[in-house]
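The values are calculated or read from the model by the stated rules, or taken from the named source; none is laboratory data. Note that the structure is predicted; figures quoted are calculated from it, not measured. Cβ sites come from the backbone with ideal geometry, for glycine too, and all protein chains shown count toward neighbours.
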Amino acid sequence: MPSISSKKPAIGIADSIAQESLLKDENGAVDPHVWFDIDLWKIALGTATDELMKFAPEHADEFNANKESYFKELDALLAESKDKLSQIPKEKRVLVTAHDAFGYFGALSILKWSVYKG
């Protein structure tokens, strides 16, 4: 099966995030769930916007306006999340999950989290 990028443009938007900002497991594999850290996700989305503008420069203003609007929504979501989480006593801020997708969220939220693999 040919890769998607051989027929259509494919951009690894998370590649724009500095390596030292990415979480890695005990084997050095990068945790790909960067959208759980809103600041990192905004970096990736900024790259996506830049790439869209290269393909459709006539829509650059619209792309930028949509990006800025969405970033404001993300900032509000982050503030609301931190506010809600701060209402939970620190000793009870625990997330137990069967999937290790919440590392960025846990680090951002000062939330204890454990992954139980079965």
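Structure summary
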read-out	value
Test: ASP75 is among the charged types (D, E, K, R), modelled with pLDDT of 90 or more, closer than 17 Å to TYR104 by Cβ and under 12 Å from the mean Cα position of the chain (by Cα)	no
PHE71 vs. criteria touching a residue at least 24 places away in the same chain (Cβ under 8 Å), out of contact with any Lys or Arg (no Cβ under 8 Å at 6 or more places or on another chain) and among the aromatic types (Phe, Trp, Tyr)	no
Condition check for GLY106: at pLDDT below 85, under 19 Å from the mean Cα position of the chain (by Cα), assigned to a helix (DSSP H, G or I) and small (Gly, Ala, Ser)	yes
Tally, over the stretch 74-105, of residues that are closer than 23 Å to ILE17 by Cα and among the polar types (S, T, N, Q)	1
When residues of the stretch 29-47 are limited to those that are touching a residue at least 24 places away in the same chain (Cβ under 8 Å) and β-branched (Val, Ile, Thr), the one surrounded by the most Cβ atoms within 10 Å (Cβ to Cβ)	VAL34
Residue match in the stretch 13-28 (condition: in contact with a Gly (Cβ under 9 Å, 6 or more places away or on another chain), in a helix (DSSP H, G or I), among the aliphatic types (A, V, I, L, M) and surrounded by 14 or more Cβ atoms within 10 Å (Cβ to Cβ))	yes
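Matching residues to (1) buried (at least 16 other Cβ atoms within 10 Å of the Cβ); (2) not polar (S, T, N, Q):
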position	(1), (2)
THR49	yes, no
LEU52	yes, yes
ALA56	no, yes
HIS59	no, yes
GLU62	no, yes
ALA65	no, yes
GLU68	no, yes
GLU73	no, yes
